[in-house]
1. Could you tell me which of the residues 45, 10 is more than 11 Å from the chain's Cα centre (by Cα) and surrounded by 13 or more Cβ atoms within 10 Å (Cβ to Cβ)?
2. Restricting to the range 94-109, give me the number of residues that are of a type in the set (Gly, Ala, Ser) and not in a helix (DSSP H, G or I).
3. Between 14, 96, which is out of contact with any Phe, Trp or Tyr (no Cβ under 6 Å at 6 or more places or on another chain) and touching a residue at least 24 places away in the same chain (Cβ under 8 Å)?
4. Please state which one of 53, 91, 61 is in a helix (DSSP H, G or I), touching a helix residue (DSSP H, G or I) at 6+ places or on another chain (Cβ under 6 Å), surrounded by fewer than 18 Cβ atoms within 10 Å (Cβ to Cβ) and free of Cβ contacts under 8 Å to residues at least 60 places away in the same chain.
5. Say we look at the range 64-88 and pick out the residues that are among the hydrophobic types (A, V, I, L, M, F, W, C) and assigned to a helix (DSSP H, G or I); which of these is modelled with the lowest pLDDT?
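The values are calculated or read from the model by the stated rules, or taken from the named source; none is laboratory data. Note that the coordinates shown come from a computational prediction; the quantities given were computed from them, not determined experimentally. All Cβ positions, glycine included, derive from the backbone under ideal geometry; neighbour counts span all protein chains shown.
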Amino acid sequence: MKKEEQILKDLGGLPPKIYHELILAAVDQAEKKLPELNEKIKKKDAESIRCIAHYIKGSAANLRLIPLKKIIESIEETSKKEEAYTTKIQAQIAKLKKELIRLKKETPN
């Protein structure tokens with residue numbers, strides 16, 4: 001991941017405080033989508049899984065949250081395959097939850 005200073009520069013000189021607020025808002029939105037994502041996994045609704053993952057991925061990409069973006073991309077890709085409804089996607093969801101917790105802890109308020 002790029003250093004924060006470079007990310008802020010890439011984002012047009014965004015002030016750090018606003019960047020941190022945006023990260024926390026993105027984490028909050030992703031956490032709110034988790035119950036829906038889990039429901040769609042139980043229903044084996046691949047299209048809805050991809051839509052939810054794509055929504056989260058957009059915020060991650062825009063904010064240059066590369067680890068989060070990669071986890072979401074793996075969920076998107078897995079949802080296209082039959083094993084999407086096995087332990088593989090559950091492991092990816094667990095990684096997603098851990099990454100969201102890490103971002104919350106490491107992002108200044």
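1. Going through 45, 10 in turn, just one is more than 11 Å from the chain's Cα centre (by Cα) and surrounded by 13 or more Cβ atoms within 10 Å (Cβ to Cβ): 45.
2. Residues in the range 94-109 being of a type in the set (Gly, Ala, Ser) and not in a helix (DSSP H, G or I): 0 in total.
3. From the options 14, 96, the qualifying one is 96.
4. Answer to the check: 61.
5. 84
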